[in-house]
């Protein structure tokens with residue numbers, strides 16, 4: 001079983017991409033859970049969301065305390081929260097930042113695998129402005145999901161709500177993030 | 001087809017397939033997304049249900065009572081304080097033998113104000129006369145919503161039914177659910193045939209009568225006959241559900257690694273899933289532990305539960321609410337089940353998870369381990385409490 005913890009701020013869509021990640025893995029034949037931290041949802045307030053992914057049925061219904069992957073959608077949270085708390089020593093920390101992986105290691109004290117990508121820039125270059133989608137791409141790539149499946153799930157989930165143009169831009173952002181997460185292998 | 005959805009959505013999907021004539025809900029906090037999804041179905045024309053948004057849960061249950069007495073198939077949903085406000089009318093619904101089916105997203109009752117899961121709301125309604133079923137997962141909440149409909153409407157039963165699903169843990173968490181296709185679901189639920197509907201003006205009948213000391217007692221006794229018909233009907237409907245769907249729901253509870261177990265947890269709701277993981281871990285280490293997960297809570301299957309636990313040495317009964325000044329409600333039921341039996345396990349009452357306090361696998365393996373040397377006594381024990 002793999003456990004993933006997302007750190008974001010209210011309104012950034014961490015919960016949404018955690019749900020899309022669940023759908024992607026369902027498509028790949030896995031059992032999944034996705035749940036937000038159960039607190040008041042306020043725009044800009046720190047929020048967490050979680051995933052569990054397993055080959056077999058997931059029976060556990062408690063919180064996630066020792067994730068294999070921690071994802072930081074908003075860099076400012078590195079200063080206010082211990083985003084590496086409980087993260088398995090051989091786990092992966094994926095951060096939206098301009099800094100290098102080494103900088104992140106020294107800022108968080110986490111010495112395992114770090115993926116540093118500038119998801120804000122990827123999103124801005126693509127014209128969407130939302131870093132959650134490139135972060136989803138990076139996480140899905142690190143988990144070994146197939147890009148086509150990832151793209152298709154994003155299309156199916158967001159297609160109904162976005163114009164064709166904005167959806168296309170999101171797919172560009174998604175691919176950018178996926179590229180950054182490729183080559184990382186998250187152990188179970 | 002397997003899908004991912006929240007517990008709320010799973011229940012709403014079951015309701016869409018049941019397509020009751022009337023859904024009456026209070027549409028504001030602490031209402032759940034169930035009502036939101038259902039309103040969407042109504043407004044998108046997916047169902048022909050009359051959706052009645054009212055000004056309080058008291059009115060919601062009152063509208064349900066009126067519609068059900070009129071002859072409609074009726075459903076509703078609520079949580080915590082909402083149920084508290086409904087309870088007055090829930091007693092009346094049960095006494096009028098109205099098969100209103102409702103989802104209860106279990107959340108703590110105030111105070112202090114808390115929006116998270118525990119079972120204090122379900123326990124508050126314990127003696128109202130409604131059937132109560134507890135689900136472990138969103139899948140079970142879906143399946144049992146369909147089953148509850150058949151059970152509540154059975155001619156020998158005719159009682160309101162509550163399907164409990166843990167607030168947030170099941171209601172807001174996206175999980176894998178395999179809903180039935182519409183056709184087999186609708187076929188299983190079947191159409192509703194009201195008896196003595198109020199709107200049958202050619203055959204007038206009395207509903208909600210005034211009953212003084214000369215009849216009140218007999219009417220309550222007649223209500224006992226209804227709830228006593230539940231266990232047999234429950235098993236029948238489970239069997240039919242299995243026949244229709246291939247899904248194996250058998251019995252009033254799920255026995256997990258129970259057969260040769262020496263130490264056992266008894267629990268209701270989503271924590272039963274976490275308990276299975278705890279049992280698996282200890283079994284892998286060679287310990288004879290098991291779980292009894294209660295599905296049918298009211299009426300309580302005393303004899304069957306006692307039978308299933310009679311060989312066990314120690315039983316930890318987990319209550320997710322305090323009955324102040326008394327043992328936990330579930331513990332009291334288990335203790336009652338053994339009242340007339342010579343062979344009985346040592347019973348221990350644990351309170352856990354109040355107001356959404358997380359209960360982990362470690363908590364439960366620890367509970368099972370400490371049972372070995374625990375001295376029996378009536379004191380309440382607590383899981384995951386800071387003292």
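The values are calculated or read from the model by the stated rules, or taken from the named source; none is laboratory data. This structure is a prediction, so every number in the text was calculated from the model and none was measured. Here Cβ is always computed from backbone atoms with ideal geometry, including for glycine, and neighbour counts include all displayed protein chains.
The criterion of at least 1 residues that are closer than 22 Å to residue B:170 by Cβ is met by the following helices (runs of 4 or more DSSP H) wholly inside segment B:296-387: B:329-337, B:361-371. Looking at segment B:6-25, can you tell me whether even one residue there is away from chain A (no Cβ under 14 Å), without any contact (Cβ under 8 Å) to a residue 40 or more places away in the chain and more than 20 Å from residue B:188 (Cα to Cα)? Among the residues of segment B:6-25, not one is away from chain A (no Cβ under 14 Å), without any contact (Cβ under 8 Å) to a residue 40 or more places away in the chain and more than 20 Å from residue B:188 (Cα to Cα), which makes the answer no.
What's the total number of residues in segment A:120-151 that are over 11 Å from the mean Cα position of the chain (by Cα), crowded, with 18+ Cβ neighbours inside 10 Å and assigned to a helix (DSSP H, G or I)? Selection size over segment A:120-151: 6. Would you check which residues across segment B:30-60 are in contact with a strand residue (DSSP E or B) (Cβ under 7 Å, 6 or more places away or on another chain) and outside any strand (DSSP E or B) and list them? Within segment B:30-60, B:30, B:31, B:32, B:34, B:35, B:38, B:39, B:42, B:49, B:54, B:57, B:60 meet the criteria. Residue B:224 meets each of the listed conditions (1) free of Cβ contacts under 8 Å to residues at least 12 places away in the same chain; (2) farther than 30 Å from residue B:311 by Cα; (3) assigned to a loop (DSSP other than H, G, I, E, B) apart from (3). Look at (1) within 14 Å of chain B (Cβ to nearest Cβ); (2) touching a strand residue (DSSP E or B) at 6+ places or on another chain (Cβ under 7 Å); (3) modelled with pLDDT of 95 or more; (4) crowded, with 16+ Cβ neighbours inside 10 Å and you find that residue A:74 fails only one, number (1).
Residue B:83 meets all of the listed conditions (1) assigned to a helix (DSSP H, G or I); (2) touching a helix residue (DSSP H, G or I) at 6+ places or on another chain (Cβ under 6 Å); (3) more than 20 Å from residue B:23 (Cβ to Cβ) but one, namely (3). Within segment B:237-261, can you find the residues that are in a helix (DSSP H, G or I) and without any contact (Cβ under 8 Å) to a residue 60 or more places away in the chain? Scanning segment B:237-261 gives B:239, B:242, B:243. The residues on offer are A:48, A:42, and the sole one that is more than 10 Å from chain B (Cβ to nearest Cβ) and within 16 Å of the chain's Cα centre (by Cα) is A:48. For segment A:7-28, the criterion of being in a loop (DSSP other than H, G, I, E, B), surrounded by fewer than 23 Cβ atoms within 10 Å (Cβ to Cβ) and either at pLDDT 95 or above or within 10 Å of chain B (Cβ to nearest Cβ) (or both) is satisfied by at least one residue. Applying the condition of being touching a helix residue (DSSP H, G or I) at 6+ places or on another chain (Cβ under 6 Å) and within 14 Å of chain A (Cβ to nearest Cβ) to segment B:107-122 and asking which residue is farthest from residue B:352 (Cα to Cα) yields B:114.
For segment A:1-32, a residue qualifies if it is in contact with a helix residue (DSSP H, G or I) (Cβ under 7 Å, 6 or more places away or on another chain) and without any contact (Cβ under 8 Å) to a residue 60 or more places away in the chain, and exactly one does: A:32.
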